[in-house]
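Undergrad: Okay, handing you the structure first.
The values are calculated or read from the model by the stated rules, or taken from the named source; none is laboratory data. These numbers come from a predicted model, not from an experiment. Here the Cβ positions follow ideal geometry from the backbone for every residue, glycine too, while neighbour counts run over all protein chains shown. Surface areas here come from the heavy atoms of the whole protein model, side chains and all, with no ligands, DNA or RNA. Shrake-Rupley method; radii C 1.70, N 1.55, O 1.52, S 1.80 Å.
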Amino acid sequence: MGVAERTRQDLAGRAFNFSVGVSNLCRQMTARHGDDDLAHMARQSFRAAASIGANIEEGQVAFSRRDMATKYAIALRESRETLYWLRLIAATRPALTSDVEPLITEAREFVAMLTTSVRRLRER
């Protein structure tokens, strides 16, 4: 297995673990603070986070570099959306900030990694 393939698998595994983390946070949020606004933010953040990994997985079996770049670009948009929702949760629910901050950091890292990946895939 080459370095590029291992890197893609690591990215996919990291995205899966991130989705699990966001899912766990959302479950805790709705169990502890079951208001409608928070439930909406939890659903939106989970949907976007889960889409990151799903699009990375699809990109790994793409038919071409262009197709892979497209899937990774979608994952990048979903990363940015996830980051938005997590920041909104932290800003509106200060009691949850310590739970949300590590996920915000990870979402920022996905934005950075996927930005680089999409640029490289589109260059060649």
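Undergrad: What residue, among those in the range 34-44 that are assigned to a helix (DSSP H, G or I) and acidic (D, E), is least open to solvent (accessible area, probe 1.4 Å)?
TA: This residue is D37.
Undergrad: Out of R47, R87, which single residue is more than 23 Å from D10 (Cβ to Cβ), open to solvent by 60 Å² or more (accessible area, probe 1.4 Å) and without any contact (Cβ under 8 Å) to a residue 12 or more places away in the chain?
TA: None of the others qualify; the one that does is R47.
Yes/no per residue for (1) open to solvent by 70 Å² or more (accessible area, probe 1.4 Å); (2) in contact with a Leu (Cβ under 8 Å, 6 or more places away or on another chain); (3) within 26 Å of R27 (Cβ to Cβ):
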{"position": "G59", "(1), (2), (3)": "no, no, no"}
{"position": "R65", "(1), (2), (3)": "yes, yes, no"}
{"position": "K71", "(1), (2), (3)": "no, no, no"}
{"position": "A75", "(1), (2), (3)": "no, yes, yes"}
{"position": "R93", "(1), (2), (3)": "no, yes, yes"}
{"position": "S98", "(1), (2), (3)": "yes, no, yes"}
{"position": "L103", "(1), (2), (3)": "no, yes, yes"}
{"position": "A107", "(1), (2), (3)": "no, yes, yes"}
{"position": "R122", "(1), (2), (3)": "yes, no, no"}
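Undergrad: Given the criteria open to solvent by less than 30 Å² (accessible area, probe 1.4 Å) and touching an Asp or Glu at 6+ places or on another chain (Cβ under 6 Å), does I52 qualify? Explain how you work it out, then say what you get.
TA: Numbers: open to solvent by less than 30 Å² (accessible area, probe 1.4 Å): yes; touching an Asp or Glu at 6+ places or on another chain (Cβ under 6 Å): yes.
Taking the combined requirement at face value, the residue satisfies it.
Undergrad: Starting from the range 61-78, take each residue that is among the hydroxyl-bearing types (S, T, Y) and list its partners that are buried (at least 18 other Cβ atoms within 10 Å of the Cβ), counting only C-beta distances under 6 angstrom and pairs at least six apart or across chains.
TA: Short answer, once both residue conditions are applied: Y72/G59; Y72/L114; Y72/S117; Y72/V118.
Undergrad: If you check R80, R27, R14, R8, which single one turns out to be surrounded by 13 or more Cβ atoms within 10 Å (Cβ to Cβ), at pLDDT below 95 and assigned to a helix (DSSP H, G or I)?
TA: Working: R80 fails: at pLDDT below 95; R27 fails: surrounded by 13 or more Cβ atoms within 10 Å (Cβ to Cβ); R14 fails: at pLDDT below 95.
Going through R80, R27, R14, R8 in turn, just one is surrounded by 13 or more Cβ atoms within 10 Å (Cβ to Cβ), at pLDDT below 95 and assigned to a helix (DSSP H, G or I): R8.
Undergrad: While we're on this one: Starting from the range 20-42, take each residue that is farther than 13 Å from V100 by Cα and list its partners that are of a type in the set (G, A, S), counting only C-beta distances under 6 angstrom and pairs at least six apart or across chains.
TA: As it stands, the answer is T30/A39; T30/A42, since those pairs meet every condition given.
Undergrad: Another one. Contact list please: Cβ distance under 6 Å, first residue in the range 95-115 and of a type in the set (S, T, Y), second residue outside any helix (DSSP H, G or I) and modelled with pLDDT of 95 or more, pairs at least six apart or on different chains.
TA: From residues that are of a type in the set (S, T, Y), there are no pairs.
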